[in-house]
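Right, one structure below, let's go through it.
The values are calculated or read from the model by the stated rules, or taken from the named source; none is laboratory data. This structure is a prediction, so every number in the text was calculated from the model and none was measured. Here the Cβ positions follow ideal geometry from the backbone for every residue, glycine too, while neighbour counts run over all protein chains shown.
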Ligand code: UDP
């Protein structure tokens, strides 16, 4: 085998932009700041992720390999939750991952997988590689996942879901039932593989897309040897925030021209992530709410769906197919001077970094949250699925950078008056909005510090580089 001085890390990304983007950013950072060779293996399932595979890499030390697509129809119940489908997709991709790694001249020293890729550790074991998990969301989510795997699914079902009582997590914020993980709601129907925590404790380290100062109490609890009531020795490495900060990239011409004409911090950006969709009724209320607020906006719209994850596996397909006809009559005419509607998909990282953007109505996906923080933009927290309600609770109650709209009691939608109130609260000059704007800018500085040389996230990756180098030289 060729002798190399640099450690080589293989990174495995599960399907979905929300997983692929941070894994690619992790790879870029390992290459540019920590002298790694990196190969990112991608299980891509949607056209948007596939297009991202052709995006430029910092240099030849970062390679991207798309694993052949797999057909899981017949292997998983079409009605199964997304987590179950992702786990099957990942499992079925393992033979091609194994043969790709086996064929490599420069065999990787380490395998880093995201939360859905832990089955791939069998391959790492076979080839004597170090094994790391990358949690692309919060330290709090990780604590909940580890805690839930230690107490078992029956306890979660009986003492949290059925009773609707808070889940107490040692040393961490308790999880209210109203904010619980989507996968807990089905926990009685699916097997133990829903517990992503079990395999994570048997690794050489867990990387988290957060930073120590943002979630200091939770990180401390995770490192505490008594966490889970047993000795968990796995090192915890906050390495974030890892997001695309495409300041140099050019915005779409039309969007840039429009944004350049707007006053500083006057525009609210409205988007529900890579897969989020709203019901027809909710879209109408949102349209009226934005109009009533009289604030400038950019809104990424998708056709209505009763499934909040309506476009997870299809995003990027038929993008920009004409203007939507499901918005209230006359909406475009009435808002033409203050609003821009973008169908399906927008260059979010670039929009959020434009100086005219001053607020973000978001589904609270963790990448979107980090993008907002790193651009100093306060948020309206409107969670839809997965762990997003937990993120919304953190943003409003712990970080103080977001407001959270109330759902109407009758039909569980957010009504237009509530939406207009929330938009004005973060966009119009007032004490509450001002406090959130100041706080989010403080978090932005603390994030930059964590990533800079000698900062906590920088040091985490340096330690991993040292461990890999040691393994390489052994
Ligand atoms: N994104 C984008 N344009 C869109 C919607 C989403 O560029 O129209 C990007 C967004 O910037 C973020 C990612 O897709 O980096 C979505 O990840 P997140 O964790 O926020 O949510 P998820 O899609 O996983 O629910």
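For the structure I just gave you, tell me whether residue 166 is modelled with pLDDT of 95 or more and more than 21 Å from the chain's Cα centre (by Cα).
yes
If residue 11 satisfies all but one of (1) surrounded by 15 or more Cβ atoms within 10 Å (Cβ to Cβ); (2) out of contact with any strand residue (DSSP E or B) (no Cβ under 7 Å at 6 or more places or on another chain), what's the number of the condition it fails?
(2) is the only condition that residue 11 fails.
Out of everything in the stretch 333-352 that is surrounded by fewer than 19 Cβ atoms within 10 Å (Cβ to Cβ) and more than 13 Å from the ligand (Cβ to nearest atom), what residue ends up being nearest to residue 376 (Cα to Cα)?
338
Any residue in the stretch 9-24 that is without any contact (Cβ under 8 Å) to a residue 40 or more places away in the chain sitting within a Cβ distance under 8 Å of a residue that is in a helix (DSSP H, G or I) and within 12 Å of the ligand (Cβ to nearest atom)? List the pairs, counting only those 6 or more apart or interchain.
Partner pairs satisfying both residue conditions: 20/49; 20/52.
Yes/no per residue for (1) touching a helix residue (DSSP H, G or I) at 6+ places or on another chain (Cβ under 8 Å); (2) at pLDDT below 90:
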| site | (1), (2) |
| --- | --- |
| 302 | no, no |
| 306 | no, yes |
| 312 | yes, yes |
| 325 | no, yes |
| 333 | no, no |
| 342 | yes, no |
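Only residues that are within 10 Å of the ligand (Cβ to nearest atom) and part of a helix (DSSP H, G or I): list them for the stretch 359-404, please.
Result: 366, 367, 368, 369, 370, 371, 372, 388, 391.
Looking at the stretch 1-118, what helices (runs of 4 or more DSSP H) fall wholly within it and have at least 2 residues that are modelled with pLDDT of 95 or more and either away from the ligand (no atom under 15 Å from the Cβ) or on the phi > 0 side of the Ramachandran plot (or both)?
Where helices (runs of 4 or more DSSP H) fall fully within the stretch 1-118 and carry at least 2 residues being modelled with pLDDT of 95 or more and either away from the ligand (no atom under 15 Å from the Cβ) or on the phi > 0 side of the Ramachandran plot (or both), they are 17-34, 82-102.
Among the residues of the stretch 123-169, which ones are touching a helix residue (DSSP H, G or I) at 6+ places or on another chain (Cβ under 6 Å), in a loop (DSSP other than H, G, I, E, B) and buried (at least 22 other Cβ atoms within 10 Å of the Cβ)?
If the condition is that a residue be touching a helix residue (DSSP H, G or I) at 6+ places or on another chain (Cβ under 6 Å), in a loop (DSSP other than H, G, I, E, B) and buried (at least 22 other Cβ atoms within 10 Å of the Cβ), then 136, 137 are the ones that fit.
Does residue 447 satisfy the condition of being modelled with pLDDT of 95 or more, away from the ligand (no atom under 12 Å from the Cβ) and surrounded by fewer than 24 Cβ atoms within 10 Å (Cβ to Cβ)?
Here the answer is yes, as residue 447 does meet what is asked.
So is residue 90 surrounded by fewer than 22 Cβ atoms within 10 Å (Cβ to Cβ) and either over 21 Å from residue 204 (Cα atoms) or in contact with a strand residue (DSSP E or B) (Cβ under 9 Å, 6 or more places away or on another chain) (or both) or not?
Here the answer is no, as residue 90 does not meet what is asked.
Just to verify a result, which residue in the stretch 292-302, among those that are more than 14 Å from the ligand (Cβ to nearest atom) and assigned to a strand (DSSP E or B), is surrounded by the fewest Cβ atoms within 10 Å (Cβ to Cβ)?
Among those residues, the one meeting the criterion is 297.
Taking the stretch 405-454 as the region of interest, how many residues are under 13 Å from residue 359 (Cα atoms), outside any helix (DSSP H, G or I) and either in contact with a helix residue (DSSP H, G or I) (Cβ under 7 Å, 6 or more places away or on another chain) or touching a residue at least 12 places away in the same chain (Cβ under 8 Å) (or both)?
Of the residues in that region, 1 qualify.
Answer with yes or no whether residue 465 is assigned to a helix (DSSP H, G or I), buried (at least 16 other Cβ atoms within 10 Å of the Cβ) and at negative phi.
Judged against the criteria, residue 465 is a match.
Of everything in the stretch 422-435, what is under 27 Å from the mean Cα position of the chain (by Cα) and more than 15 Å from residue 266 (Cα to Cα)? Give them in sequence order.
Matches in the stretch 422-435: 432, 435.
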